[in-house]
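Below you'll find the structure, written out as structure tokens, and then a few comments.
The values are calculated or read from the model by the stated rules, or taken from the named source; none is laboratory data. Note that the coordinates shown come from a computational prediction; the quantities given were computed from them, not determined experimentally. Only protein heavy atoms, including side chains, enter the accessible area calculation; ligands, DNA and RNA are left aside. Shrake-Rupley method; radii C 1.70, N 1.55, O 1.52, S 1.80 Å.
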Amino acid sequence: MYPCNLCAETVQSVKAFVLHCKLHRNEPRRMFKCVAASCKQVCTGYAALKAHFYHHHYSMPTVALDTCLTKLKCTVALCEWQCEGIKALVVHLKEHIVEGRQVTCPVRGCTSVFCVKSSFTSHISRKHKNYLENVICETSNEDTQSAASATTKDSC
């Protein structure tokens, strides 16, 4: 149980506490203390508390970048390349970008398309930081091409 020091609300988890603090975000000169065990962080605003929580206390199950149970396939048309690690797939896709080809993000459900290597690198590191194994696509080239043609291109 995590009681709010600003009102009488009590919540069940640290994440629920951070979400509850959103109610108090517009109060002037409001300080937010992190309630996670053994954390003494005090933040000057709700955005800082939320960033602190997601950076230091919120973790999703991850898989090592070089571990994979199945072969991953390159999603670029006419490329038959396969690998066993997610990191290797991302490196390979960057090579296609350097060649001047467009690359669709390999994460299932993400339809972003890239033709600038730095944009792709930034996208992967920010949007898919944890590289969850179960969200990496293993689609055929035909599926990827139809998805790519229906999406807006990033930085092209």
With every protein chain in place, the accessible area of residue 73 for a 1.4 Å probe, in Å² rounded to the nearest 10, comes to 90 Å²
Heads up, I need the accessible area for residue 75: 1.4 angstrom probe, whole protein in place, Å², nearest 10. 10 Å²
